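Working notes, beginning with the structure itself.
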Amino acid sequence: MVIETLSNEELETQEKLMLVVYYLGMADRHQLSKLLNLSVYTIDQAISKLNKKNKEEKHFISLSAPFNRGPKMYQLGPAGWDWVMGWLEEDRKYYERSDAQKRHYRGMTDILVRLLAAMGREEAFNNLRFYNTNDATELFLYPWQVAYGEEWEDRKFRQEKCKGMPKPDFFIENGKEGWWGEFDTRSEGPNRIKGKVRQYYRAFNQLGERSRSRKPIVWVTTSDSRVRDMKSWLEDIKKEPEFQDMKNPPPDMFFFVEGEETRFFLGQKYDACSSTSPLTKATTCSLKHSYA
């Protein structure tokens, strides 16, 4: 995982760089500088040296910045991917991230950068865990893996059971607390966001109250107006007949403008009904159902 890689003193800079970009999917030079605690110049030189090793298949591929603002983004090239697969002893097929996903990856990586800066490296290395989409999804689906046992090993069976299941963008643990995370760039309309919320509601309806996957969902987006819209869409879903008589409690959901989520993850709770107001009471205002 990312934190384990950053704290591993036995890894060389180039090795850490490839592993971190693999786990994050995409990052810019300033983000990598902050995460690896190295100068931007050192990051640039490490990437340049790696790319000179193989002129046909690059270790890193660069893309322009989202909306042409800020530094360019990096993702692994085929040579870098092959090295990581060898290091992890895995055999996942290489694929390039879409150019349209740059803003999404930058936003998710910024969440980790802010947390690392706020906590300090020593505390973060001891208490923080950050899982990418692939690993977060596997964690979320673990209860189903246990429930179905050997059947889960069958690829077709697993794909069928996973249809309509949420795929969290990331999962964060700080000590004993954990949260599923969704980063929203405002590129998706109300129906897509509502669809994701329904996926979580349906999945949580299958999860017993003591299930390890019953963690709050934190939505991080780009503006106050988007936060208000997303809360409104959630209220619409809460009124839908399908969710009026759930067998198990629905998830708690919290909404923040990017940058505001850091204090929440550090334990300084915000009012879930107002993305900018810290709580004055000891309890959290979660967006649960009120059943008559």
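Could you list, in sequence order, all residues of segment 195-215 that are open to solvent by 30 Å² or more (accessible area, probe 1.4 Å) and either under 18 Å from the mean Cα position of the chain (by Cα) or more than 24 Å from LEU139 (Cβ to Cβ) (or both)? Of everything in segment 195-215, those that are open to solvent by 30 Å² or more (accessible area, probe 1.4 Å) and either under 18 Å from the mean Cα position of the chain (by Cα) or more than 24 Å from LEU139 (Cβ to Cβ) (or both) turn out to be LYS196, GLN199, ARG212, ARG214, LYS215. Being at pLDDT below 90 and either exposed (fewer than 15 other Cβ atoms within 10 Å of the Cβ) or over 22 Å from ASP169 (Cβ atoms) (or both): is that true of SER225 here? Considered against the rule, which asks whether it is at pLDDT below 90 and either exposed (fewer than 15 other Cβ atoms within 10 Å of the Cβ) or over 22 Å from ASP169 (Cβ atoms) (or both), SER225 comes out as no.
Please specify each residue of segment 228-257 satisfying the condition of being of a type outside the set (Phe, Trp, Tyr), crowded, with 19+ Cβ neighbours inside 10 Å and not in a helix (DSSP H, G or I). Within segment 228-257, PRO250, PRO251, MET253 qualify. May I ask you to verify whether ARG29 is open to solvent by 10 Å² or more (accessible area, probe 1.4 Å) and farther than 30 Å from GLU123 by Cα? Considered against the rule, which asks whether it is open to solvent by 10 Å² or more (accessible area, probe 1.4 Å) and farther than 30 Å from GLU123 by Cα, ARG29 comes out as no. Among the residues of segment 83-102, the ones that are modelled with pLDDT under 95, in contact with a strand residue (DSSP E or B) (Cβ under 9 Å, 6 or more places away or on another chain) and open to solvent by 50 Å² or more (accessible area, probe 1.4 Å) come to 3 in all. Within segment 146-164, the presence of at least one residue that is on the phi > 0 side of the Ramachandran plot and surrounded by fewer than 17 Cβ atoms within 10 Å (Cβ to Cβ) is confirmed. Residues that are in a helix (DSSP H, G or I), closer than 13 Å to GLN14 by Cα and either open to solvent by less than 60 Å² (accessible area, probe 1.4 Å) or of a type in the set (D, E, K, R) (or both) within segment 34-51 comprise LEU36, THR42, ILE43, ASP44, ALA46, ILE47, SER48, LYS49, LEU50, ASN51, listed in sequence order. Quick one: in segment 7-26, of everything that is in contact (Cβ under 8 Å) with a residue 40 or more places away in the chain and open to solvent by 10 Å² or more (accessible area, probe 1.4 Å), which residue is farthest from ARG129 (Cα to Cα)? In this case the residue turns out to be GLU15.
The values are calculated or read from the model by the stated rules, or taken from the named source; none is laboratory data. Computed from a prediction, not measured in an experiment: that's the story for all the values here. Reconstructed Cβ throughout: ideal geometry from the backbone, glycine too, with neighbour counts over all protein chains shown. The accessibility values were calculated without ligands, DNA or RNA, using every heavy atom of the protein model including side chains. Shrake-Rupley method; radii C 1.70, N 1.55, O 1.52, S 1.80 Å.
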